[in-house]
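Structure, as structure tokens:
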């Protein structure tokens with residue numbers, strides 16, 4: 001009768017090191033991706049073309065061009081831009097980009113009196129292909 005003998009190596013240091021390296025790279029990718037989305041959102045507010053109404057604002061007196069429906073919001077004081085942050089999860093494997101300005105949700109989703117001027121969702125959509133390419137490169141070179 002033939003005997004078959006198997007051995008399972010459960011704590012191979014090479015596998016543990018490979019897993020640790022992959023996790024480290026993944027955390028770096030999550031941080032990079034979150035910053036890419038944040039930067040795109042900020043840039044769309046600061047530099048995107050606006051085609052809305054032009055009107056006078058007071059205190060201080062200035063002319064302002066608003067954004068039209070569907071465009072990213074037009075910046076005026078910089079408050080919205082200065083309140084866009086990335087938030088990395090405690091394990092480093094997830095992240096969110098959020099605006100802490102109180103009126104952000106009204107701009108992003110609109111109200112019954114104003115159509116949406118989204119800036120976060122379009123930033124995510126614009127960066128999805130870039131993030132996927134970064135992920136594929138990370139996996140490819142390991």
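The values are calculated or read from the model by the stated rules, or taken from the named source; none is laboratory data. For clarity, every value in this text was computed on a predicted model and none was experimentally measured. We place every Cβ from the backbone using ideal geometry, glycine too, and count neighbours over all the protein chains shown.
Here are the numbers for this structure:
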quantity	calculated
Subset of region 30-59 [more than 16 Å from the chain's Cα centre (by Cα), closer than 16 Å to residue 107 by Cβ and part of a helix (DSSP H, G or I)]	46
Residues (more than 15 Å from residue 110 (Cα to Cα) and either modelled with pLDDT under 90 or over 15 Å from the mean Cα position of the chain (by Cα) (or both)) located in region 60-81	60, 61, 62, 63, 64, 65, 75, 76, 77, 78, 79, 80
Neighbours by Cβ (under 6 Å, 6+ apart or cross-chain): first from region 78-93, at positive phi; second in a helix (DSSP H, G or I)	92/27
Residue 107 vs. criteria surrounded by 13 or more Cβ atoms within 10 Å (Cβ to Cβ), farther than 30 Å from residue 20 by Cα and under 20 Å from the mean Cα position of the chain (by Cα)	yes
Selection from region 96-117 of residues that are within 16 Å of residue 42 (Cβ to Cβ) and not in a helix (DSSP H, G or I)	96, 97, 98, 99, 100, 101, 117
Residue pairs meeting the criteria (Cβ under 6 Å; at least 6 apart or on separate chains; first on the phi < 0 side of the Ramachandran plot and touching a residue at least 40 places away in the same chain (Cβ under 8 Å), in region 14-26; second surrounded by 10 or more Cβ atoms within 10 Å (Cβ to Cβ) and assigned to a helix (DSSP H, G or I))	25/138
